1. Considering 88, 54, 30, 76, which residue is buried (at least 23 other Cβ atoms within 10 Å of the Cβ), assigned by TED's automatic domain parsing to the domain that holds residue 148, assigned to a helix (DSSP H, G or I) and free of Cβ contacts under 8 Å to residues at least 60 places away in the same chain?
2. Please specify each residue of region 163-186 satisfying the condition of being closer than 21 Å to residue 106 by Cα and of a type in the set (D, E, K, R).
3. For region 213-252, name all the residues that are among the acidic types (Asp, Glu) and either part of a loop (DSSP other than H, G, I, E, B) or buried (at least 16 other Cβ atoms within 10 Å of the Cβ) (or both).
4. Anything in region 91-117 that is acidic (Asp, Glu) and either in a loop (DSSP other than H, G, I, E, B) or in contact with a strand residue (DSSP E or B) (Cβ under 7 Å, 6 or more places away or on another chain) (or both)? List them, or say none.
5. Of the numbered conditions (1) more than 25 Å from residue 194 (Cα to Cα); (2) free of Cβ contacts under 8 Å to residues at least 60 places away in the same chain; (3) touching an Asp or Glu at 6+ places or on another chain (Cβ under 9 Å); (4) buried (at least 17 other Cβ atoms within 10 Å of the Cβ), residue 42 fails exactly one; give the number of that condition.
6. Restricting attention to region 274-296, and to residues there that are among the acidic types (Asp, Glu) and either surrounded by 14 or more Cβ atoms within 10 Å (Cβ to Cβ) or modelled with pLDDT under 95 (or both), which single residue is farthest from residue 201 (Cα to Cα)?
7. Looking at region 91-112, which of its residues are without any contact (Cβ under 8 Å) to a residue 40 or more places away in the chain and out of contact with any helix residue (DSSP H, G or I) (no Cβ under 8 Å at 6 or more places or on another chain)?
8. Could you run through region 110-123 and say how many residues are closer than 15 Å to residue 273 by Cα, modelled with pLDDT of 95 or more and of a type outside the set (S, T, N, Q)?
Amino acid sequence: MQVILGANGIIGEELAKELRATYTSDIKLVGRNPKKVHVDDQVFKGDLLQIDDVKQAVKNAEIAYLTVGLPYRSDVWLRDWKVIMKNVIEACKESNCKLVYFDNTYAYPQNAKIQKESTPLTSTGKKGHGKKLAAELLLSAIQKKEIVASICRAPEFYGPGKTKGITNTLIFEKIKVGKRAKVFLKDNVLRTLIYTPDASKAMALIGNTSDAYGETWHLPCDDNRLTYKEIIDLISEKLGRQIKYDILSSFVLKLVSFFNQNVKETVELLPRYAIDNIFDSSKFKKHFPDFQVTSYEEGIKNVLADYRIK
């Protein structure tokens, strides 16, 4: 049996589809209010902050995937990520269950250096520190051979369905309702985005590849990175009309943050929108040369179709 811990988000949902299509029909979906992706999926209602719930969730499982998303608040990330990771490590040790952890890049430094698996976790942001604490707990358990696990790391999302992220929220969702798209700080710096179905497919592949354990993996992205101007130009080309957009300055964003909680919680990430963001996934591509990465052109076309934008 393979278990998805935190199965309600887009990564968990796409992961369940890929596991069923390629690897196993014995799937358990775990969450506070889990919903089946397939009619015969098992569901388990549990709280990952409660050790007994986690132990029951992974009992008799061969592989557990940790894909949970926490409320987008710094105090929650600092408080809860380390608790969840401790619980999951303990439960997997007790059940002799392998673990695949879906992580992001918040703990990386916010500079223009190429991000690789060896990049140090030195972010000074609160959310970044929360993610650093969780990753270091798992890395320590792997090094001490307490658990068989791997870390899958991804940059910012874009994609269809439930995909959340700045690109979906400020570009695709704005266009869908007839508003001007928004871009943080600059429209001429390179972005590395990951197409959410690719992220889940790659995670399932790593989980079901024995020699992929014990390591950190950057999940695969299109190396033909685009600026936000190029992304919006590509959208305009697909739609046959010019999409207009505004560039939000640091001053405006900080001003808005005083009365908008979501923007306030995003302020610590702003430095990465003023520089090129180069996330390197060459290690994965070398190890899994047959994996087909979705191009930005194809991914954008799919999102526009899914959002029914014309």
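1. Just a single option satisfies the conditions, and that option is 54.
2. Within region 163-186, the subset closer than 21 Å to residue 106 by Cα is 163-170, 183-186.
Listed by number, the residues that qualify are 164, 186.
3. Applying the first criterion (among the acidic types (Asp, Glu)) to region 213-252 yields 215, 222-223, 230, 233, 237, 246.
Within region 213-252, 215, 222, 223, 230 qualify.
4. The first filter runs over region 91-117 and keeps only residues acidic (Asp, Glu), leaving 94, 103, 117.
Result: 103, 117.
5. With respect to (1) more than 25 Å from residue 194 (Cα to Cα); (2) free of Cβ contacts under 8 Å to residues at least 60 places away in the same chain; (3) touching an Asp or Glu at 6+ places or on another chain (Cβ under 9 Å); (4) buried (at least 17 other Cβ atoms within 10 Å of the Cβ), residue 42 is out only on (4).
6. Across region 274-296, the extreme among qualifying residues is 276.
7. 96, 109
8. Total meeting the criteria: 2.
The values are calculated or read from the model by the stated rules, or taken from the named source; none is laboratory data. Remember, predicted model here, so these are calculated numbers, not experimental data. FYI the Cβ positions are ideal-geometry reconstructions off the backbone, even for glycines, and counts take in every protein chain you see.
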